[in-house]
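Novice: I am attaching a structure below and will ask some questions about it afterwards.
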Amino acid sequence: MNSLDIRVSELSHRYGRTHALQAIDLHIQPGEFVSLVGVSGCGKSTLMRLIAGLQTATEGGVWLNGQPPAAARAAKQIGWMAQQAALLPWRTVRQNVQLAQTINPQPGANTPNPDELLKMVGLSDFADAYPLTLSGGMQQRAALARTLATGTAVWLMDEPFAALDELTRELLAEELLQIWRQFRPTVLWITHNLHEAIRLSDRVVVLTPRPGAIAGEIAVPLPRPRDDTSAAFQALLRQARALLRQEVVHG
Amino acid sequence: MAKENPQITQISQISADFFSASSAGSAVKKFGQKRVNLSGVGLLVGVFVVWETAVRLTDTPAYLFPAPTAVFRYLFSHLADLLLAGGVTLLEAVAGLVLGTAVGLALAVLITFWQQLEQGVMSLAILLKSTPIIAIAPILTIWLGFGPAPKVIVTALLTFFPVLINALTGFRSVDGALLDWLRSLNATPQEIFLQARWPGARPYLFAALRVVGPLALIGAVVAEWMGASSGLGRAMWLAYTNLNMPALFAAVFVLTGVSTAVYQTIVWLEKRFLFWE
């Protein structure tokens, strides 16, 4: 899979008189896993929508492999996951995955078999189940399979596991990481959970409270799988927490 | 509703109460269909017994208030005629319901795709909906005669508005997260409509149909009162002008039966189409 690079340059956004984002500059390498951390309401989700081109920024720009987001959307290179699984309740799990392939079909694209994707996320036995009969964790697994169905090059993930219980959340993150290592898409992972950010990503970007601006970045050079009890992990966690705290208190 | 003939409002209110009561009953059904059915039948029998006794004890003449036995005697002796009349009214009501639903849906789709049409379409729809149906019905009868056409149109006029409003609400009720996901795939407005808006609006549509189904029969009967060559409305009108109370009550009984059947059919369809709920 050819993953894309994401370049965000001098990006500012306002909703009426509310200043949501302030001069964001961010470059994410192809295949890099970057977490965006910030307190609630700091514009994380807005930034993700701007990167996907679901909204247009008041100032500045976003490029995916040098192209505007609309081009990446048209080529179905963006995999989108949010806190709600947003499955269609009248379609079975398999039909939900298939839908990702039927919408905006790409001629000549190699489309993975939905059943194999469901196997990959551990939902083989539930291919014919309807989403509302599944647990929250299983619904997010289905959403993940659906994200994989389009053979995406970029994953934009807005706290996809935030509504799940701690253990399910950890397990799913682990599995997601394995799948990421297999396909190597470029990932922008939004979370307010520092621990999760450090466990998953190559780099953690901390946003200030509103208006969201980049407060700092922390590289995570630890090998995966990561031991969250190790001294190095704990040191990074402290460093990130200090950065976030300073901004919140300062703000 | 407010500007319509108060009598119709009352009738539709009564039927709405009646039907909401029966839908509340359907929730109880889960515990034991038989028990609920029996208690429903028991209640009905009870009402008839009290009614019969009261009429007999007070010696009320049948031209004022007929006893149930008198009504049923009339009903069974004129069964074929009444069923035929019921069939005619049912067909008119269903045709009007289909037309009204189609128009309501078409307008809702139109507004969903071209939002700039909303104000114009809604003003017109509200104007049509606010004109008392009791005033339109005679005009249509004079223009179109005693056949089914004015009945179908009156019924359609009575039914399109709730469908329009509910369909529009349904089309717009798509979950924001789902909409984001579809847009992230560059789904066209048509794809979004077919995959998300239309199936997602089905619960809203059925809610509208539950209201509009019994309303359709009222529309057809009211139009028949204005002049018809057949139908339950005509049967009622004839009974009324002849002060034949058992005949009038018999027609009402048949109408209630047909109306309940229409409502139950809609409920049955709803269960089939909203399987995921």
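The values are calculated or read from the model by the stated rules, or taken from the named source; none is laboratory data. Model, not experiment: these values are computed from the prediction. Note: ideal-geometry Cβ built from the backbone for every residue, glycine included; neighbour counts use all protein chains shown.
Novice: Take B:THR89 and tell me if it is of a type in the set (Ser, Thr, Tyr), at pLDDT below 95 and surrounded by 14 or more Cβ atoms within 10 Å (Cβ to Cβ).
Specialist: Judged against the criteria, B:THR89 is not a match.
Novice: Restricting attention to the range A:1-49, and to residues there that are farther than 23 Å from A:ARG184 by Cβ and without any contact (Cβ under 8 Å) to a residue 40 or more places away in the chain, which single residue is surrounded by the most Cβ atoms within 10 Å (Cβ to Cβ)?
Specialist: For the range A:1-49, the residue satisfying everything is A:ARG49.
Novice: Just to be sure before I move on: is B:SER26 at pLDDT below 95 and at negative phi in the structure I sent?
Specialist: Yes.
Novice: Against the conditions (1) of a type in the set (A, V, I, L, M); (2) farther than 23 Å from A:GLY108 by Cβ; (3) under 14 Å from the mean Cα position of the chain (by Cα); (4) modelled with pLDDT of 90 or more, where does A:ALA153 fall short? Just the number, please.
Specialist: Here A:ALA153 clears every test but (2).
Novice: Does the range B:38-54 hold any residues that are farther than 17 Å from B:PHE253 by Cβ and aliphatic (A, V, I, L, M), and which are they?
Specialist: Selection gives B:LEU38, B:ALA54.
Novice: Something else: Could you look through the range A:202-250, keep only residues that are without any contact (Cβ under 8 Å) to a residue 40 or more places away in the chain and of a type in the set (D, E, K, R), and pick out the one that is farthest from A:GLU174 (Cα to Cα)?
Specialist: A:ARG245
Novice: Is it true that some residue in the range B:139-157 is at positive phi, out of contact with any Leu (no Cβ under 8 Å at 6 or more places or on another chain) and not hydroxyl-bearing (Ser, Thr, Tyr)?
Specialist: Yes, the range B:139-157 contains at least one residue that is at positive phi, out of contact with any Leu (no Cβ under 8 Å at 6 or more places or on another chain) and not hydroxyl-bearing (Ser, Thr, Tyr).
Novice: Another question, if that's okay. Kindly indicate which of A:LYS119, A:LYS76 is at the interface with chain B (Cβ under 8 Å from one of its Cβ atoms) and either of a type in the set (D, E, K, R) or without any contact (Cβ under 8 Å) to a residue 12 or more places away in the chain (or both).
Specialist: After ruling out the rest, the residue left standing is A:LYS76.
Novice: Quick check on the range B:226-243. Is at least one of its residues within 13 Å of chain A (Cβ to nearest Cβ), more than 19 Å from B:LEU110 (Cα to Cα) and surrounded by fewer than 22 Cβ atoms within 10 Å (Cβ to Cβ)?
Specialist: No.
Novice: Of the numbered conditions (1) more than 14 Å from chain A (Cβ to nearest Cβ); (2) assigned to a helix (DSSP H, G or I), B:ILE192 fails exactly one; give the number of that condition.
Specialist: With respect to (1) more than 14 Å from chain A (Cβ to nearest Cβ); (2) assigned to a helix (DSSP H, G or I), B:ILE192 is out only on (1).
Novice: Related question: Where residues in the range A:1-57 are assigned to a strand (DSSP E or B) and among the acidic types (Asp, Glu), which of them is farthest from the chain's Cα centre (by Cα)?
Specialist: A:GLU10
Novice: Taking the range A:131-174 only, how many residues are polar (S, T, N, Q) and more than 23 Å from B:ASN186 (Cα to Cα)?
Specialist: Residues in the range A:131-174 being polar (S, T, N, Q) and more than 23 Å from B:ASN186 (Cα to Cα): 3 in total.
Novice: If you take just the helices (runs of 4 or more DSSP H) that sit entirely in the range A:129-216, which of them hold at least 2 residues that are closer than 25 Å to A:ALA72 by Cα?
Specialist: Passing ranges, in order: A:136-149, A:166-183.
Novice: Pick out the one residue from A:ASN104, A:ASN113, A:ASN65 that is surrounded by fewer than 22 Cβ atoms within 10 Å (Cβ to Cβ), more than 9 Å from chain B (Cβ to nearest Cβ) and on the phi > 0 side of the Ramachandran plot.
Specialist: Among A:ASN104, A:ASN113, A:ASN65, only A:ASN65 is surrounded by fewer than 22 Cβ atoms within 10 Å (Cβ to Cβ), more than 9 Å from chain B (Cβ to nearest Cβ) and on the phi > 0 side of the Ramachandran plot.
Novice: Take the conditions of a type in the set (Ser, Thr, Tyr) and more than 10 Å from chain A (Cβ to nearest Cβ) and apply them to B:SER184. Does it pass?
Specialist: The answer is no for B:SER184.
Novice: Next question, about the same structure. Determine which single condition B:ALA167 fails, assuming it passes every other condition in (1) away from every other protein chain (no Cβ under 13 Å); (2) small (Gly, Ala, Ser); (3) buried (at least 23 other Cβ atoms within 10 Å of the Cβ); (4) without any contact (Cβ under 8 Å) to a residue 60 or more places away in the chain.
Specialist: Going through (1) away from every other protein chain (no Cβ under 13 Å); (2) small (Gly, Ala, Ser); (3) buried (at least 23 other Cβ atoms within 10 Å of the Cβ); (4) without any contact (Cβ under 8 Å) to a residue 60 or more places away in the chain one by one, B:ALA167 breaks only (4).
Novice: I'd like the residue in the range B:252-277 that is assigned to a helix (DSSP H, G or I) and more than 17 Å from the chain's Cα centre (by Cα) and, out of all such residues, is nearest to the other protein chains (Cβ to nearest Cβ).
Specialist: Looking at residues that are assigned to a helix (DSSP H, G or I) and more than 17 Å from the chain's Cα centre (by Cα), I get B:PHE273.
Novice: Is it the case that some residue within the range B:130-150 is closer than 16 Å to B:LEU215 by Cα, exposed (fewer than 15 other Cβ atoms within 10 Å of the Cβ), out of contact with any helix residue (DSSP H, G or I) (no Cβ under 9 Å at 6 or more places or on another chain) and hydroxyl-bearing (Ser, Thr, Tyr)?
Specialist: yes
Novice: For the range A:155-176, enumerate the residues that are within 14 Å of chain B (Cβ to nearest Cβ) and touching a Phe, Trp or Tyr at 6+ places or on another chain (Cβ under 9 Å).
Specialist: Correct list: A:TRP155, A:LEU156, A:MET157, A:ASP158, A:GLU159, A:PRO160.
Novice: For B:PHE206, all conditions in the list (1) farther than 26 Å from B:ALA261 by Cβ; (2) out of contact with any Pro (no Cβ under 9 Å at 6 or more places or on another chain); (3) buried (at least 18 other Cβ atoms within 10 Å of the Cβ); (4) within 14 Å of chain A (Cβ to nearest Cβ) hold save one; what is the number of the exception?
Specialist: With respect to (1) farther than 26 Å from B:ALA261 by Cβ; (2) out of contact with any Pro (no Cβ under 9 Å at 6 or more places or on another chain); (3) buried (at least 18 other Cβ atoms within 10 Å of the Cβ); (4) within 14 Å of chain A (Cβ to nearest Cβ), B:PHE206 is out only on (1).
Novice: May I pose another question? Of the residues B:PRO214, B:PRO199, only one is away from every other protein chain (no Cβ under 14 Å) and either within 25 Å of the chain's Cα centre (by Cα) or at pLDDT 95 or above (or both); which?
Specialist: Of the residues listed, the single one that is away from every other protein chain (no Cβ under 14 Å) and either within 25 Å of the chain's Cα centre (by Cα) or at pLDDT 95 or above (or both) is B:PRO214.
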